[in-house]
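Derivation of every value follows stated rules applied to the coordinates shown; laboratory data play no part. Computed from a predicted structure; not experimentally measured. Every residue, glycine as well, gets a Cβ built from its backbone with ideal geometry; the counts of neighbours run over all protein chains shown.
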Amino acid sequence: MSAAAVRWSPPTVIALLMLLGLASFAQAAAAPVRGGHLVVVQSAEPPGLDPSATTATAATAIVHHNVLEGLVKITPEGEIVPALAESWTVSPDATEYVFRLRRGVLFHDGRPFTSADVKAKFQRALDPASGHTNQLYYAAVESVETPDDYTVVFRMKAPDAEFLYNLTRPDSVIGPAGYDRQAAHPVGTGPFRFVEWVRGSHVRLERFEQYWDPELPYLDGATFRFVADANAQVAALLAGSVDAIAGAATAEQAMQVERRPGFKVIQGPTTSTVIVALNNSRPPLDDVRVRRALSHAINRDEIILGAEFGFGTPIGSHMTPAEPYYTDLTGVYPHDPAKARALLAEAGYADGLRLTLSLPHQYTYAVRAGELVADQLRRVGVQVDIELVEWATWLSRIFGEADYDMTIIGHAEPMDISIYANPGYYFRYDNPRVRELLDAARQAGDEARRAELYAELQAQLAEDAVNVWLYARPYFVLSRADVHGWWEALPMVITDLTRVYIDR
Amino acid sequence: MKGRHRGAARRRPWNLYIGLTLVGLTAAMALISLVWLPHDPIETQVLRRFQPPNAEHWLGTDQFGRDLFSRVLAGARTTLMVGAVAVGFGAALGAVIGGAAAWAGRWMDEGLMRLMDAVGAFPPVLSALLLASVMGPGAVSGTLAIGIASVPVFARLTRANMLALRQADFVEAARALGAGDVRIVTRHLWPNVAGVLLVQATITFAHAVLAEAALSYLGLGTQPPAPSWGRMLREAQDFLVFSPYPALFPGAAIALTVLGLNLLGDGLRDRLDPRSRRP
Amino acid sequence: MRSYVLRRALTFLITIWLAASLSFFTLLVLPGDPARLILGVDANPQALAALERQLGLDAPALVRYGRWLAGAARLDLGSSLVYHLPVAQLIGQRLQVTLPLAGLALALATGLGVPLGLLAAHRRGGGLDALVSGLAQIGLALPSFWLGIFLILLFAVRLNWLPAGGFPGWDAGWGPALQALLLPAAALGAARAASLTRIVRAAALDVLGRDFVRTARAKGVPEARVLSRHVLRNALITISTVIVLELGQLLAGAVIIEQVFSLPGLGSLALTAVQSRDLPLTQGVVVVIAGAIVFLSFVNDLLYAYLDPRIRYA
């Protein structure tokens, strides 16, 4: 699969101008240069650095691929390639996965990497009491066997065609068996070893000289510095005190940087699905006509312009063009206020209705999109009360207890459409047909059949107007022009520095 | 005595005049916004965003194309409302606590005043954060946090003045004439404390305006899209490079209102509190 | 004197205990728990329960309160739930930013406020007095964060003279670290300078009106000497006690300025702690900030008593 080309919202004059400005940068194809220390700035500081103990993307951005690796890894094009496993075979019914491990791989603490480490990792991933993140990715695993030091066999309870993909996720990284200080001092097999984490300031990495690929990495080391304010980040980049803004660089930052000589902007797609999540169990949102009315009331182009300066791709269901099996469903609910009013009247809300929109305060794009959504809904007679909530409150009250009407959030996880099969998920959406389609897709050995089933699944979700799908977030790296080797798309939230080099 | 002060007394109380003018301006903005606004302050027009001041949008437009002039006008209402309620709450509760402490004395006095110290030592932003998390963020919890933070200063002031007055001759005289506690407090002590409290209320109002802006800036006060000066500043900060106006005007409005209140407070103090009259 | 100090020290401890207890019980009612925050969106109930046990969150509130109090009495503030580091260590790291920031702001405030206040008092009623007093009023009225935003726009974005935010750490050397603190200190110190100017002016005017100044002037002592010798020295009682209180104001005000400038100080630690429901960390920060403010007012009282012999210890 290759990442789909970036799709543009119908070009308003502004968006078109920006597009022209940004497209003028081409990645240099010169030979990589070794050496140099790179300073990257990102907005958020993670609570810990173990991606199997925290789901914070601030953590995975730093350590995944750089410090910690899994059996397989994903490329910016979305392809699954070998990492700690040299090769693998999957039984035709997708119930047995056999991995041949790379030999001679060392952890940063000098211990050799063997199948025992893999087994220990997945035993933890399967143990409900271990505190391992996202255990449902491994729910189909029956047993993990290690016939020898360099072979691992996963037997599945049921066919799981997504297992390989799940192994590319940050949750699937492998550390030394028995090592329990990953969160504070990560130890892995990656091209960089962890040196220090000064809380509130930065994380410093250094080249791991015994990395299994002797060619890599190119850099001597890298520092991830934490600066929350967007203006401060840009000023630091322009002043030369950092080399790049990565992780969650924004469109307005890109616009400030791209005009300056000596700097470059890399722009691509992400799998972050920004949605107005609806509580499908709470009246009046349990009425599909009301949900469809909301979808018709929304003007995605305006939202993308207002929240992301025109960058971002409108979507019509819970998949982004950067994911496999994507189908374009933006035409299902075109912007049509009259139709929205008619649907509301049909549902018995001709005089309008009142809903609360809870916005996670720490996500600027969500707050901005929310202000526009509120005004657009107001125009069709839905009065919206906005409340800003802290992330902790969002997680427990909205996500945990589904105590909300509407909220806006970007689902950054790639290939997460299976959340719609869980009636307990915070959308509180329950449709057996969706579960059937998902199970069938998971068990389908044939790629074409799978694509068909996923297309049907997306269409079903759009039909039910479960949520109002807004857009796929854009991905930006802003860096000095002499830094090369950045990812051109973001199929997973990683600031992969393995192939980054400085040509100065 | 009179002769010496003639010059000062004749001097016009400029601070009072300017203060009244500025506060009156803010009040007028709030009142006007009730009956007339050039545009709907929450209507977005994304394609018209970041306009500099022009004939149609007198102060320009913000990041969503909303009219800044209308938002600044409507924001005055939010600011004055939050400030008035917070100060009213703080002054009322503070006066009761301070009065009770002064009148009861002993361990009650000690206990209440230590509690006031603890509340006073609590950083207001922290208490606002806690309140917002318990009650949900919004104008109510923001107002309450500001009100609570201002209780100790009113309590201390009331207590100190009550204690000083309790020893005063006219109170002794009233007591000698058989006046009851309640009568002494309401008839004799309170009128003397009220002036001091009024001055403090004006100054505290100024603090409250700044605090409201700060809390809304942090997302803990007034919720969008309702126009609040502090919130407007926060949202404009990310776009400063594209257009400074969305941050400039609400900030100037805050500064002028606070300036007005401070000047008014100074002016009132010169009038009402003879002990602090400056030479 | 000794019993006075002892009594004040006791009330100091009681005040801190009250502040800590207030924050402890407020945090308990907050929605959200740190285990869910750490494990993220797809955590299952068993994993949540396991982590809660591990973090000691399953014990009843009063037991946890007792544990915390017992630790605090031994000067042990416990361990952060999120960072897995001793609270004291985290606070120590952040103080390396906040204390220099407050110190720099105080230096700016004193350096501007004291001379300007004296000058205004000296030229009372004149144009200079009006100018200084006017500027002081404006300084008091400017929201610190608004000032900070425009300082960033001017000095960092447009002129590129100073960093717009973030902190390189003291390891990066004195130069870069101080540069990073200069704009925030200016934003934070402006209102304090204004307040100090007004207080110094009032204090100096008060002294200028007293008999000994008139006597000195009558004896023909030069005006500069009158100001420096007599006026400043006597006004110093008010000024020094006020400066101590200003420091408390600065510590509390740092919370928002640290947000504007992305500084890893105590204020941003406080926000992070509350937002991640990290109870021991929040407790620690509250105790340190509230403690500092109470302590400073305690010092202020002592200083006042020491400097002004008219105050008697009751």
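Hey, fewest Cβ within 10 Å first, where do B:Val125, B:Val182 land in order? Write down the numbers at each step before the final one.
On the way: B:Val125 26, B:Val182 8.
Exposure proxy ranking, most exposed first: B:Val182, B:Val125.
Project the alpha carbons of the protein assembly as shown onto their principal axes and report the range along each, largest first, in whole Å.
If we take the Cα atoms of the protein assembly as shown, the spans are 107, 66, 61 Å.
Please return the longest range in chain C lying between exposed loop sites, taking chymotrypsin sites (Phe, Trp or Tyr not before Pro), DSSP loop only, at most 14 other beta-carbon atoms within 10 Å, and leaving the sites out. Can you show the working numbers first?
On the way: sites that count: C:Trp161, C:Tyr313.
Segment C:1-160 is the longest.
Between C:Val63 and C:Gln89, take the C-beta separation as r, use R0 = 30 Å, and let me know the FRET efficiency to the nearest 0.05.
0.75
Report the charge-dipole magnitude of chain C in Debye, nearest 20, computed about the Cα centre from +1 at each Lys and Arg Cβ and -1 at each Asp and Glu Cβ.
Working: 25 positive and 15 negative charges, 291 e Å.
The dipole magnitude comes to about 1400 debye.
Reachable lysines from A:Lys73, Cα under 30 Å, same-chain residues fewer than 8 places away excluded?
A:Lys119, A:Lys121, A:Lys157, A:Lys264
Please compute the Cα-Cα pair-distance distribution of segment C:242-282 with 10 Å bins starting at 0, giving whole percents from short to long.
In whole percents, the pair-distance histogram is 30, 44, 23, 3.
On average, how many beta carbons from a partner chain sit within 10 Å of the beta carbon of a residue in C:79-91? Walk me through the numbers before you get to the answer.
Details: counts 0, 2, 1, 5, 8, 5, 3, 0, 0, 0, 1, 2, 0.
Partner Cβ neighbours, averaged per residue: 2.
Taking the Cα centre as origin and putting +1 on Lys and Arg beta-carbons and -1 on Asp and Glu beta-carbons, what dipole magnitude results for chain A, to the nearest 20 debye?
Values: 44 positive and 62 negative charges, 152 e Å.
Result for chain A is approximately 720 debye, rounded to the nearest 20.
Over the Cα atoms of chain C, what Rg and Dmax result, in angstrom?
Cα radius of gyration and Dmax of chain C are 23.8, 86 Å respectively.
Loop-only chymotrypsin sites (Phe, Trp or Tyr not before Pro) in segment A:449-483, please: DSSP not H, G, I, E or B, and at most 12 other Cβ atoms within 10 Å. Numbers along the way, then the final one.
Numbers: sites: A:Tyr454, A:Trp469, A:Tyr471, A:Tyr475, A:Phe476; in loops: none.
Of the chymotrypsin sites (Phe, Trp or Tyr not before Pro), not one in the loops of segment A:449-483 has a Cβ with at most 12 other Cβ atoms within 10 Å.
Report the one residue of A:Trp469, A:Phe427, A:Asn299 whose Cα lies farthest in the direction of the positive end of the charge dipole of segment A:269-474 (charges on C-beta: Lys and Arg +1, Asp and Glu -1; origin at the Cα centre).
Towards the positive end, the residue furthest out is A:Asn299.
Modelling each spin label as a point 7 Å along the Cα-to-Cβ direction, I'd like the C:Leu128/B:Ala194 distance in nm, to one decimal.
Taking the simple label geometry, C:Leu128 and B:Ala194 are separated by 4.4 nm.
Which residue, chosen from B:Met162, C:Leu183, C:Leu147, occupies the Cα position most advanced towards the positive end of the dipole of the protein assembly as shown, where the dipole is computed from +1 (Lys, Arg) and -1 (Asp, Glu) charges on Cβ about the Cα centre?
Positive-most Cα among the choices belongs to B:Met162.
For a quick check: sort A:Ser115, A:Ser143, C:Ser268 by the number of other beta carbons within 10 angstrom, fewest at the front.
Details: A:Ser115 20, A:Ser143 12, C:Ser268 24.
Ordered from fewest to most neighbouring Cβ atoms within 10 Å, A:Ser115, A:Ser143, C:Ser268 come out as A:Ser143, A:Ser115, C:Ser268.
When the dipole is taken about the Cα centre of segment A:332-404, and only Lys, Arg (+1) and Asp, Glu (-1) are charged at their Cβ, what size is it in debye, to the nearest 20?
Working: 7 positive and 10 negative charges, 49 e Å.
The calculation lands at about 240 debye.
How much space per residue, in cubic angstrom, does the convex hull of the C-alpha atoms of chain A take up?
Numbers: hull volume 68.8 nm³, N = 504.
Looking at chain A, the number lands at 137 Å³ per residue.
Expressed as an acute angle from 0 to 90° and rounded to the nearest 10, what is the orientation of the C-alpha long axis of helix C:45-55 relative to the principal long axis of chain C?
50
Using the Kirkwood radius over C-alpha pairs as Rh, can you work out the diffusion coefficient of segment A:269-474 via Stokes-Einstein at 4 °C, viscosity 1.567 mPa s, in µm² per second?
Details: Rh = 17.0 Å.
Answer, rounded: 76 µm²/s.
Looking at segment A:312-369, what % of the alpha carbon pairs are farther apart than 14 Å? List each step's numbers first, then the result.
Working: 1190 of 1653 pairs.
More than 14 Å apart: 72 percent of the Cα pairs in segment A:312-369.
What nm value, rounded to one decimal, do you get for the distance between A:Val81 and C:Lys219 when each label is placed 7 Å out toward the C-beta?
Result for the modelled spin labels: 8.9 nm.
Mind listing the phi-derived Karplus ³J(HN,Hα) values for segment B:143-160, rounded to whole Hz, using 6.51, -1.76 and 1.60 with θ = phi - 60°, and x for any glycine or proline?
Computed from phi, the couplings for segment B:143-160 are 4, 4, 4, 5, x, 4, 4, 9, 4, x, 5, 5, 4, 4, 5, 4, 4, 4 Hz.
By count of other Cβ within 10 Å, fewest leading, how are A:Asp496, A:Asp416 ordered? Write out the running numbers ahead of the final one.
Numbers: A:Asp496 23, A:Asp416 17.
Final ranking by Cβ density, sparse to dense: A:Asp416, A:Asp496.
Modelled label-to-label distance, A:Ser91 and B:Leu47, 7 Å Cα→beta-carbon offset: nm?
6.0
Please list, ordered by chain and number, the residues whose modelled amide H lies under 5 Å from the amide H of A:Leu388; skip anything fewer than 5 residues away on the same chain.
Long-range HN contacts for A:Leu388: A:Leu359.
To one decimal place, what orientation-averaged projected area in nm² is obtained for the convex hull of the Cα set of segment C:143-234?
Details: hull surface 34.3 nm².
For segment C:143-234, averaging the hull's shadow over all directions gives 8.6 nm².
Using DSSP to call loops (not H, G, I, E or B), can you name the GluC sites (Glu not before Pro) in segment A:60-100 whose Cβ has at most 15 other Cβ atoms within 10 angstrom?
Details: sites: A:Glu69, A:Glu77, A:Glu79, A:Glu86, A:Glu96; in loops: A:Glu77, A:Glu79.
Answer in residue order: A:Glu77, A:Glu79.
Positive end of the charge dipole of chain B (Lys, Arg +1 and Asp, Glu -1 on Cβ, about the Cα centre): tell me which of B:Val199, B:His39, B:Pro250 has its Cα farthest that way.
B:Val199
When chain C is modelled as a GNM with alpha-carbon springs shorter than 10 Å, which of C:Ala70, C:Ala290, C:Ala20 fluctuates the most?
C:Ala70
Above 21 Å lies some portion of the pair distances; for segment B:67-273, what is it as a whole percent of all C-alpha pairs? Intermediate values should be presented prior to the final figure.
On the way: 12356 of 21321 pairs.
The share of Cα pairs beyond 21 Å in segment B:67-273 comes to 58 percent.
If each DSSP helix of 4+ residues adds -39,500 (n - 2.57) and the sum is divided by the residues in the protein assembly as shown, what number results at 222 nm, nearest 500 deg cm²/dmol? Provide the component values of the computation, followed by the final result.
Values: 34 runs with 549 residues, N = 1097.
Dividing the helical sum by the residues of the protein assembly as shown leaves -16500 deg cm²/dmol.
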